[in-house]
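K.L.:
Dumping the structure here so I can ask a few things about it.
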Amino acid sequence: QAVPLLGRRTAGARTIARALDRARRDTSVKAIVLRINSPGGSATASESIHRAVVRAKEKKPVIVSMGSVAASGGYYAAAPATRIFANPATVTGSIGIYAGKISISGLWDLLTVQRETLRRGARADMFSTDRRFTDEERKVLTERLKAGYDLFVGRVAEGRDKSIEEVEAVAQGRIWSGRDAMAQGLVDELGGIRAALDSA
């Protein structure tokens, strides 16, 4: 779909997952080349694409060609591929997860704007910008982030045929150039889309 004002087009997770599923079922398709150029974003979207790659790989080779960046969710989606290609300078990895919020309650006070929150449930307004996290919310968020991080590391370990400890050694949110990522076993070969197509 088109991105207003930027003159660019992007494909969302549902579009990509459907395309991968169609290619998986199409008997005339012998291999799939997936081009990833993404800094990540939604954990749900990354998981959706990841699962589609896993399903496709059960039927035929899935070759990933990483563009200038395949970090965080971009790498999450690439991890289970049969082979991963990156350019020497591709921003790769960032196997990590974070979350937070901005509290603008001071701004509302400065503008003399009075606000009232109606909520149902103990943490329904946890991510409200009207206040800071409580200690309990901070604890819950930390637990959620740890669970998400552990899932990410596990997905990479499974996809790259590595131990959790091996992935942990290159994870923790660090980023690598494509060349360094290959040395760390996060990428199989250096090359662009043409090399990926040739491999397919």
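The values are calculated or read from the model by the stated rules, or taken from the named source; none is laboratory data. In this text the structure is predicted, and so the values were computed from the model without any measurement. Here the Cβ positions follow ideal geometry from the backbone for every residue, glycine too, while neighbour counts run over all protein chains shown. Note: areas computed on protein heavy atoms with side chains; ligands, DNA, RNA excluded. Shrake-Rupley method; radii C 1.70, N 1.55, O 1.52, S 1.80 Å.
K.L.:
Which one is nearest to A147 (Cα to Cα) among residues in region 163-200 that are among the polar types (S, T, N, Q) and touching a residue at least 12 places away in the same chain (Cβ under 8 Å)?
P.N.:
Q172
K.L.:
So which residues in region 25-52 are within 16 Å of A79 (Cα to Cα) and among the aliphatic types (A, V, I, L, M), if there are any at all?
P.N.:
Scanning region 25-52 gives I32, V33, L34, I36, A43, A45, I49, A52.
K.L.:
Out of all the residues in region 97-127, which are in a loop (DSSP other than H, G, I, E, B) and in contact with a Lys or Arg (Cβ under 8 Å, 6 or more places away or on another chain)?
P.N.:
A99, S103, D125, F127, listed by residue number.
K.L.:
Another question, if that's okay. I need a count of the residues in region 156-171 that are part of a helix (DSSP H, G or I) and open to solvent by 50 Å² or more (accessible area, probe 1.4 Å).
P.N.:
Counting residues in region 156-171 that are part of a helix (DSSP H, G or I) and open to solvent by 50 Å² or more (accessible area, probe 1.4 Å) gives 5.
K.L.:
When you check R35 against the structure, is it among the charged types (D, E, K, R) and not in a helix (DSSP H, G or I), yes or no?
P.N.:
So R35 passes the test.
K.L.:
Would you check which residues across region 172-199 are over 20 Å from V54 (Cβ atoms) and either outside any helix (DSSP H, G or I) or among the polar types (S, T, N, Q) (or both) and list them?
P.N.:
If we filter region 172-199 for residues that are over 20 Å from V54 (Cβ atoms), which is where we start, we get 172-184, 189-195, 197-198.
Passing the criteria: Q172, G173, R174, I175, W176, S177, Q184, E189, L190, G191, G192.
K.L.:
Here is a follow-up. For Y75, all conditions in the list (1) open to solvent by less than 30 Å² (accessible area, probe 1.4 Å); (2) more than 20 Å from the chain's Cα centre (by Cα); (3) of a type in the set (F, W, Y) hold save one; what is the number of the exception?
P.N.:
Failed condition: (2).
K.L.:
Now, a different point. Can I95 be described as open to solvent by 40 Å² or more (accessible area, probe 1.4 Å), of a type in the set (A, V, I, L, M) and under 29 Å from E136 (Cα atoms)?
P.N.:
no
K.L.:
Could you list all residues from region 128-145 that are in contact (Cβ under 8 Å) with a residue 24 or more places away in the chain, open to solvent by 50 Å² or more (accessible area, probe 1.4 Å) and not in a loop (DSSP other than H, G, I, E, B)?
P.N.:
R144
K.L.:
Here's a follow-up. Between a first residue in region 20-45 that is touching a residue at least 60 places away in the same chain (Cβ under 8 Å) and under 30 Å from G173 (Cα atoms) and a second residue that is β-branched (V, I, T) and assigned to a strand (DSSP E or B), which pairs have beta carbons less than 9 Å apart while being 6 or more apart in sequence or on different chains?
P.N.:
Here the result reads I32/V62; I32/I63; V33/V62; V33/I63; V33/V64; R35/V64, each pair linking region 20-45 to a residue that is β-branched (V, I, T) and assigned to a strand (DSSP E or B).
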